[in-house]
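The values are calculated or read from the model by the stated rules, or taken from the named source; none is laboratory data. Please read all numbers here as calculations on a predicted model, not as lab measurements. Backbone-built Cβ (ideal geometry, glycine too); neighbour counts: all protein chains shown. Just the protein is used for accessible areas: all its heavy atoms, side chains included, with ligands, DNA and RNA removed. Shrake-Rupley method; radii C 1.70, N 1.55, O 1.52, S 1.80 Å.
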There are 2 protein chains.
Amino acid sequence: MRSFNFFGRLCTAFHDYPSLSKIIVVSTLSSGSLIAYSEANTNNRNRGRVAHADAVASKKKKVVVLGTGWAAMTFLKNLNNCIYEVEVVSPRNFFLFTPLLPSVTCGKVEARSIVEPIHNIIRKKNIDVRYREAECTKIDPANNKIYCRATANTNSKRREEFAIDYDYLIIVNTFNTPGVEGNCHFLKEIDDAQKIRRNVIDAFEKASLPNLTEEERKKILHFVVVGGGPTGVEFATELHDFVNEDVVKLYPMVQNFVKITVLEATDHILNMFDKRITKFAEHKFGRDNIENEICTKAKGSDKTTSMPYGMVLWSTGIGPRPIVKDFMKQISQGNRRTLATDEWLRVEGVGNVYALGDCAAINQRKVMEDITEIFKKADADNSGTLTLKEFQDISNDICERYPQMQLYLKSKPVRNIFDRPSQVKGKASKESIELRIEEFKSALSEVDTQLKNLPATAQVANQQGAYLAKCFNRMEECEINPEGPTRIRGTGRHRFRPFRYRHLGQFAPLEGEQTAAQLPGDWVSIGHSSQWLWYSIYASKQVSWRTRALVVSNWIRRFIFGRDTSAI
Amino acid sequence: MRSFNFFGRLCTAFHDYPSLSKIIVVSTLSSGSLIAYSEANTNNRNRGRVAHADAVASKKKKVVVLGTGWAAMTFLKNLNNCIYEVEVVSPRNFFLFTPLLPSVTCGKVEARSIVEPIHNIIRKKNIDVRYREAECTKIDPANNKIYCRATANTNSKRREEFAIDYDYLIIVNTFNTPGVEGNCHFLKEIDDAQKIRRNVIDAFEKASLPNLTEEERKKILHFVVVGGGPTGVEFATELHDFVNEDVVKLYPMVQNFVKITVLEATDHILNMFDKRITKFAEHKFGRDNIENEICTKAKGSDKTTSMPYGMVLWSTGIGPRPIVKDFMKQISQGNRRTLATDEWLRVEGVGNVYALGDCAAINQRKVMEDITEIFKKADADNSGTLTLKEFQDISNDICERYPQMQLYLKSKPVRNIFDRPSQVKGKASKESIELRIEEFKSALSEVDTQLKNLPATAQVANQQGAYLAKCFNRMEECEINPEGPTRIRGTGRHRFRPFRYRHLGQFAPLEGEQTAAQLPGDWVSIGHSSQWLWYSIYASKQVSWRTRALVVSNWIRRFIFGRDTSAI
């Protein structure tokens, strides 16, 4: 067997054909042999460990991960405790860098550049991870079992079924996209992006045919985007850039028939963004005559059916996979849209099943539900009343357990809780004040209004995956000395700190190499500079050096050669 | 409208974000801004001309090209006479570099890297070329018309039909691949290669599933190749490399179940090659236990159905498209497998229709058919007899008109024709000898045995396309002073020299970065060195700098990161 690492090959190359191999060497080095080196290293380092891991597999805790989405990937990347053996089950044998999907629709980036084979992620791990290309058909929480069906399309007629036991089950199954008829498209999977790309090119080829009326050409080249969120806006943008940069050169005779319409249910596109960004985007759309029709969702979809169109992109309205729905029924959450989990991402009512990403929603406990217990805990001397000091002693734990409390206290410092109108104010007096439970309740009555739901973004899934991996890594450790907040009901502390989302900002690419960026601390940046920021951040966020190199080379290629317009 | 050339963009980049843009600049320059520059130039140069070309379109001769294969592409690239307006009709809006198809099947090269959008080729032309993404459904030679149907899959139900008139029709329609059931595949189009690639990956995923017997795994991982020609052998090779280089890392548990079988009808694989190559390849296959079963085609196909297999690649047996078949019937060539053309690539019996590539076969005229006329022409003084001198005067024309004559005379120099056993030999006498027609006939009776058919390779199509373009470019010129050989029947000379194929050698990649090369002058080279030769030649043969850059970067990427195994 030949040596597989890059330098091994290089040597043979040298040996066989000095002059030519030199050329290769130069170009190879210039295009990142360092990367290769680091990659090669990890492999060698880990091979041994895997072997060892296999040996002790028997005593291990079995973790089954459903899906290969964002959360699954970060979980796998961060998990490094050898006591687990992991089995990943997903019909998709690669991780997909979803934020760049819109770029694929018009050939700015190649599909292959934003996917990383799960095997590449797995084989770099020092723990025992297996991947099964299969679809989970049923979850049986009672017996800690899942049932799967092979999806790989081989020539065997019967589709094999098999079961997998688990100690911990992690559901990161992303939403699925209901099939839509005609030329309607969703943009969640790589196939969607590729289909859209083919359709866009085909539309221009079709419109270039000789025997068409002007109306027909206009119809064919009318692209409708339903939903003015980042995805929808970005697609409209990519399309507009494609028309301006490449169509003018390749299909000059039809460029004037192109029309792009964005249908939005709320009052504004990008309504989850800062008003400044929304205004800028809408203004820009106006100038580039991308039509931007505001209408109720119902009316919107009427419109799309009543207006002649060549293609529709549906960037809204997706639902959970049947398997998840079915599981929700079993655990009597059937009436919900997403799986309800506690603050530690455990599915409520099922101890050893976790749910992450956009198929789950954290069900943050309300302060008012636990107010009596909180009061009891706080009242250290069981005097039945609460002093400022007693409250301050426990407030950190409370804030950690109930994030809304933290936000509330920011807006309304602790001491004020201890203000009573019925009383003469004075610094000294505060210390001596003692709150009774009713007063405590009324002081905090507003607190739960601070509760927020997390958006269904890659960023959230990403942080959840990393968080859960950290928990799993330190499971035994934290059993012994827990690091979480004090238990309000019962004694002792929680094992882990609850999951806390940190918003790192958001991008909304607008056409013409410009991007709107909303960053923490209410910093808004719009224009070319934030486009460069976008490039650098998206490049740095790539899961592997391989995809990073590919994505960057795609961007460079587009700079030089423009987009690839072959209809494949 | 913004400026589209690379340097324009670069400037804005600089202006907006000095530091970052510098990085891009460096990497871009290092990856071929020169290319970009040259590309950019051609565009600017040509834009003007196209406009001009449109203006005078009316008086132009209309050339319709069916297909976007090798011959079509080289024809388009070499055609540069403004008196033509060209319309290209093909369901495929890109040119495909077929020799690299096998490399796509296992992810050594990406599909997109070996296709060039036809629009990129067109817009660099200084003459008026249009492309229609449509399928030709009928050729009507009587009225110089073809009928087409749009193929672009838009959401309009009816598939538009339209007709195109032509002055000259050029058929470069490649063979089509009959659909085969189950996991059988051909390897002629890019979709085939992509399907095969997905199937190969899927096979390994499938075989990695838990609930399978050893037999099942063996069956799934048994790859059968029907046909031991270059394509079949190269696929087997790619697959074997893939298993050795990547599967061992990514699917270690199943690598031992893989089996590759090549079924060959004749006695040897690569039988069109030099015996040395065949022997080496067979030996290598033996060592790498790629099974290589020799059997009659009939038995072969029995075998493939009777032996358990996961996937079959059919690298033999393809037929012409229905449209061509139908056309052949119209011009009473219905009994043939391919269109018969004369030595100038004109379809026999139809003056203004040309056929190139593997849908056509040149019907070389036999010397014996024209022997009497040849004799008459040669007999300058109408003496009824032929002297050596008379013969020599015309022999060049004859050799050009009848290539077999040239080969014949090589083996048997002219003077010998004038040897008569019945005569006393002597140098002086030769001059005086006069051949009678019967003697002339008998002397040349063997000549037509030298006739050869051309192989259906990209190389042939390539040269034919270039040849035909040259003819079209100099059409009027050669009307006035023809450059072809003397007409044997009738007076004057032929307009053009007949097409003559020059064999530039052939490659047969064998696994492990080795290639067998058979080059002109009976030079055979096997091993790593010819692999480098292969790399450099295939890189240089790319149609555009774009694809060249992509293919090379793919090769480098594989050196560094190995193949991409995501099942998309």
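Below is a table of values for the structure above.
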quantity: Full-extension gain in nm, B:LYS249 to B:ALA163, via 0.36 nm per residue minus C-alpha separation; calculated: 25.4 nm
quantity: Sequence-distant residues sharing a close amide H with B:TYR131 (under 5 Å, placed H); calculated: B:VAL88
quantity: Violating pairs (Cα-Cα greater than 31 angstrom) within the set A:LYS60/B:LYS195; A:LYS206/B:LYS325; A:LYS124/A:LYS145; B:LYS59/B:LYS366; B:LYS441/B:LYS470; A:LYS188/B:LYS195; calculated: A:LYS60/B:LYS195; B:LYS59/B:LYS366; B:LYS441/B:LYS470
quantity: Candidate residues A:TYR166, A:TYR147, A:TYR467: accessible-area rank, largest first, probe 1.4 Å; calculated: A:TYR147, A:TYR467, A:TYR166
quantity: Inter-copy spacing of A:LYS279 label points, which lie 7 Å from Cα along Cα→Cβ, given in nm from shortest upward; calculated: 8.5
quantity: More than 19 angstrom apart: percent of Cα pairs within the range B:492-568; calculated: 55
quantity: Copies compared at A:LYS389 - label distances in nm, ascending, label defined 7 Å from Cα in the Cβ direction; calculated: 13.7
quantity: 13 Å beta-carbon shell around B:ALA539, net charge (K/R +1, D/E -1); calculated: +3
quantity: Peptide-level mean, for A:197-207, of C-beta atoms on other protein chains within 10 Å; calculated: 5
quantity: Residues whose placed amide H lies under 5 Å from that of A:THR137, excluding near-sequence neighbours; calculated: A:TYR147, A:CYS148, A:ARG149
quantity: 7 Å along Cα→Cβ, label-point gaps from A:THR449 to other copies, nm, shortest first; calculated: 10.6
quantity: Top positive-direction residue, dipole computed over the range A:430-568 with Cβ charges, set A:LEU454, A:THR486, A:MET475; calculated: A:MET475
quantity: Whole-number D in µm² s⁻¹ for the range B:189-264, Kirkwood Cα-pair radius fed into Stokes-Einstein, 37 °C, 0.692 mPa s; calculated: 254
quantity: Kirkwood-type radius of the range A:55-140, with distances r between different C-alpha atoms, in Å; calculated: 14.1
quantity: Accessible surface buried upon A-B contact (total; probe 1.4 Å; Å², nearest 100); calculated: 8200
quantity: Euclidean distance of C-alpha centroids, the range B:80-109 and the range A:208-250, integer Å; calculated: 25
quantity: Neighbouring partner chain Cβ atoms per residue of A:249-256, average, 10 Å criterion; calculated: 3
quantity: Under 5 Å, built H, 5+ apart or other chain: amide partners of A:LYS62; calculated: A:GLU85, A:ASP167, A:TYR168
quantity: Per-residue SASA entry for B:ASP165, accessible area with 1.4 Å probe, Å² rounded to 10; calculated: 80
quantity: Accessible-area value, B:TRP545, 1.4 Å probe, nucleic acids and ligands omitted, Å²; calculated: 130
quantity: Residues of the range B:527-562 buried by at least 30 Å² on assembly (accessible area, 1.4 Å probe, chain alone as reference); calculated: B:HIS528, B:SER529, B:TRP532, B:ARG546, B:LEU550, B:ILE556, B:ARG557, B:PHE559, B:ILE560, B:PHE561
quantity: Residues in the range B:116-137 occluded by at least 50 Å² - accessible area, probe radius 1.4 Å, against chain by itself; calculated: B:HIS119, B:ARG123, B:ARG132, B:GLU133
quantity: Mean projected area in nm² (Cα convex hull; one quarter of hull surface) for the range B:434-568; calculated: 14.7
